[in-house]
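Trainee: Following this message is one structure expressed as structure tokens.
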Amino acid sequence: MKKQLSLAVVIALGLAACGSSDSSSSPEPAPKYDWQIINLYAANQSDVAKGCVIYDNAVAEPQKVITASIALYGYNILFHNRDGSVIAKHTIKATDVPSTGIVSIDSANVPDGGYVSLEEVDGGIGGNADVYMFTVQKELLSDLVLNVRQPQIGASCFKGSQALPVEIVKSAAVSVLQEKSISHYQSSYGMDVDGHSISAHIPVKSELPAQKQVLVTAYQDDTDSKASIMSHYGLIQPGYIYDSNNPGSIIARPLTNENLIYQPWSSQDNLSVDRDSAIYMVYGDNSYLWQSIFNSNHEFALVNGNSDMQHWSAYFTGVDADYEWQYHSYIALDGANSVVVNALPAMYDFSDMGITSSCSSETSADLCIDTSSFSTIDFDLQRTQVRSTATVGGRNFYQSIYAVPSAQQVLMNSSVAIMDPSENNRVEVGLTKSDNLPQALSYMMAESINIQTAAKDSPIVPDFTDTNGSILTLAEKTAVHQAILGTNSTMVANSKN
């Protein structure tokens, strides 16, 4: 197996080589990070006190919302050496957690290449415990809000935003002036898309009264229900969105084709392009689905020249046909005429992946994930999740690890149990390449948690989902998505049972 120096080692060597010539200067203190630990749960909205956070509606229980309490017990914060072993003298027990549920992590206590884990011990009696671990390598540490699965009886609520998704009114609509040779009008109220074939009463997935502008785009064809050739567009003020059941005075707004240009794109032969692929546009504080991307049409529209529209991003998602790597990529667009290429780094067969105790001398770990299915130099971030059992009682032993890429990702030791790998284990690996690592890491973590299942404390963990993880409000999720649209980022993932 081809070995590569980890990014952490390269950074360390670079820093050592660039030391200051001023012997009297003192080094910067090691940064400290706050991990706010919470417990998500579903409750009646009327029972959520003013100021207590609301994250979303509870999909499985339509009358409820997802809220959170501060988490004070049932977990530990573990500090690890680079081989995954626990540094006992720095471990923070739940008994030492402040009543705020905020744990301060001093990175000076983490060795280079080491890790910090949130370890949840569920139902531990005589060492017979389920273990859930969320781990971040030192080089990637940041302030986070993290959930644990166990209810926190008697704990205070976690304060935060109570903003919920807009309540869509099915009769919301907008009208525009009819254009020649148009077969489809699409409305994009942010990320929510609707539309139909005529310019009057175009449905809009919006609340009423509407609070933001709606993007309307018009297409010359609608082959196989695929609107692909855009000829007109317009951002329409929220006051023109009306209730089609009680329309009152309707004013049809004009569209324009001003400065509309067409951008070609291509794709590697082994990559499919799924129906969720699209061009996104950012305007003000909102992101809009500008135009869908289809295999049948290798061209999309942009506005070139003076425009209040801030930027566009091409989003490609699909599967690598050779080795079934799932992928999605964001490509920042500048309106240039060069071909936008949907491509991946070289990916290889993931079936060679396995959990082994024969770890390299570089890691000296008890257990690690061994694979040659990718080259570490092609990526910047790696997410590894293992779903296994413990040696005592066959209890659940789950862990998700965020780290710099490694062909032998070490697994973390627990403070209470020992992992007992078998052929039935599930292992997932996600990899990210990006020109903005902090934004890509935030996006990667946000995309890897399902707050609906986390709030239910469900024993079923959806594929490619962390058991414990980073929790964001709706506004924070929107900001993270808008930020990733301004980057060039590629993310791939694969798994093996």
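Trainee: Give the residue that is modelled with the lowest pLDDT, with candidates limited to residues of the stretch 62-77 that are over 27 Å from Gly114 (Cβ atoms) and under 25 Å from the mean Cα position of the chain (by Cα). Let's see the steps before the verdict.
Mentor: Step one: filter the stretch 62-77 for residues over 27 Å from Gly114 (Cβ atoms), giving 62-70.
Filter once more, keeping what is under 25 Å from the mean Cα position of the chain (by Cα): 62, 64-70.
Values: Pro62: 85, Lys64: 95, Val65: 95, Ile66: 96, Thr67: 96, Ala68: 96, Ser69: 96, Ile70: 96.
Once the filter is applied, the top-ranked residue is Pro62.
Trainee: Show the residue pairs that are 6+ apart or on different chains and have beta-carbon atoms under 6 Å apart, the first residue being within the stretch 300-311 and at pLDDT 75 or above, the second being surrounded by fewer than 16 Cβ atoms within 10 Å (Cβ to Cβ).
Mentor: Sorted first by the residue in the stretch 300-311, then by its partner, the pairs are Ala301/Leu260; Ala301/Tyr262; Leu302/Ile261; Leu302/Gly335; Val303/Asn259; Asn304/Asn259; Asn304/Ile261; Asn304/Gly335.
Trainee: Tell me the residue from Ser171, Ser142 that is in contact with a Phe, Trp or Tyr (Cβ under 7 Å, 6 or more places away or on another chain) and surrounded by fewer than 20 Cβ atoms within 10 Å (Cβ to Cβ), please.
Mentor: Details: Ser171 fails: in contact with a Phe, Trp or Tyr (Cβ under 7 Å, 6 or more places away or on another chain).
Just a single option satisfies the conditions, and that option is Ser142.
Trainee: Provide a single number: the residues in the stretch 91-105 that are closer than 21 Å to Tyr115 by Cβ and either charged (D, E, K, R) or loosely packed, with under 11 Cβ neighbours inside 10 Å (or both).
Mentor: Within the stretch 91-105, residues that are closer than 21 Å to Tyr115 by Cβ and either charged (D, E, K, R) or loosely packed, with under 11 Cβ neighbours inside 10 Å (or both) number 2.
Trainee: Restricting to the stretch 174-206, give me the number of residues that are among the aliphatic types (A, V, I, L, M), touching a residue at least 24 places away in the same chain (Cβ under 8 Å) and surrounded by fewer than 17 Cβ atoms within 10 Å (Cβ to Cβ). I'd like the intermediate steps shown before the answer.
Mentor: To start, the set of residues in the stretch 174-206 that are among the aliphatic types (A, V, I, L, M) comprises 174, 176-177, 182, 191, 193, 198, 200, 202, 204.
Subsequent filtering for residues that are touching a residue at least 24 places away in the same chain (Cβ under 8 Å) retains 174, 176-177, 182, 191, 193, 200, 202, 204.
If we keep only those that are surrounded by fewer than 17 Cβ atoms within 10 Å (Cβ to Cβ) too, we end up with 177, 191, 200.
Residues in the stretch 174-206 being among the aliphatic types (A, V, I, L, M), touching a residue at least 24 places away in the same chain (Cβ under 8 Å) and surrounded by fewer than 17 Cβ atoms within 10 Å (Cβ to Cβ): 3 in total.
Trainee: Has the stretch 144-159 got any residue that is among the aromatic types (Phe, Trp, Tyr), over 30 Å from Tyr262 (Cβ atoms) and at pLDDT below 95? Full working, then the answer.
Mentor: Taking the stretch 144-159 first, the residues among the aromatic types (Phe, Trp, Tyr) are 158.
Next, only the ones that are over 30 Å from Tyr262 (Cβ atoms) stay: 158.
Those left that are additionally at pLDDT below 95: none.
Looking through the stretch 144-159, none of the residues is among the aromatic types (Phe, Trp, Tyr), over 30 Å from Tyr262 (Cβ atoms) and at pLDDT below 95.
Trainee: In the stretch 207-225, what count of residues is obtained for those that are touching a helix residue (DSSP H, G or I) at 6+ places or on another chain (Cβ under 8 Å) and open to solvent by less than 30 Å² (accessible area, probe 1.4 Å)?
Mentor: The first filter runs over the stretch 207-225 and keeps only residues touching a helix residue (DSSP H, G or I) at 6+ places or on another chain (Cβ under 8 Å), leaving 209-214.
Right, trim to open to solvent by less than 30 Å² (accessible area, probe 1.4 Å) and you get 210, 213-214.
Final tally of qualifying residues: 3.
Trainee: For the subset of the stretch 38-61 comprising residues that are part of a loop (DSSP other than H, G, I, E, B) and β-branched (Val, Ile, Thr), which member is modelled with the lowest pLDDT?
Mentor: Within the stretch 38-61, the match that is modelled with the lowest pLDDT is Val59.
Trainee: Could you list, in sequence order, all residues of the stretch 44-84 that are under 30 Å from Gln408 (Cα atoms), open to solvent by less than 10 Å² (accessible area, probe 1.4 Å) and touching a residue at least 40 places away in the same chain (Cβ under 8 Å)?
Mentor: Tyr75, Ile77, Leu78, His80, Gly84, listed by residue number.
Trainee: Among (1) open to solvent by less than 10 Å² (accessible area, probe 1.4 Å); (2) not in a strand (DSSP E or B), where does Asp112 come up short?
Mentor: Failed condition: (1).
Trainee: Pick from Asn450, Asn468, Asn425: which is farther than 25 Å from Glu139 by Cβ and modelled with pLDDT of 90 or more? Let's see the steps before the verdict.
Mentor: Working: Asn468 fails: farther than 25 Å from Glu139 by Cβ; Asn425 fails: modelled with pLDDT of 90 or more.
Just a single option satisfies the conditions, and that option is Asn450.
The values are calculated or read from the model by the stated rules, or taken from the named source; none is laboratory data. Note that this is a predicted model, so its numbers are computed, not measured. Methodologically, a virtual Cβ is constructed for each residue, glycine included, from the backbone with ideal geometry; neighbour enumeration extends over all protein chains shown. The protein model used for the area step is the full one, side chains on, heavy atoms only, and it has no ligands, DNA or RNA in it. Shrake-Rupley method; radii C 1.70, N 1.55, O 1.52, S 1.80 Å.
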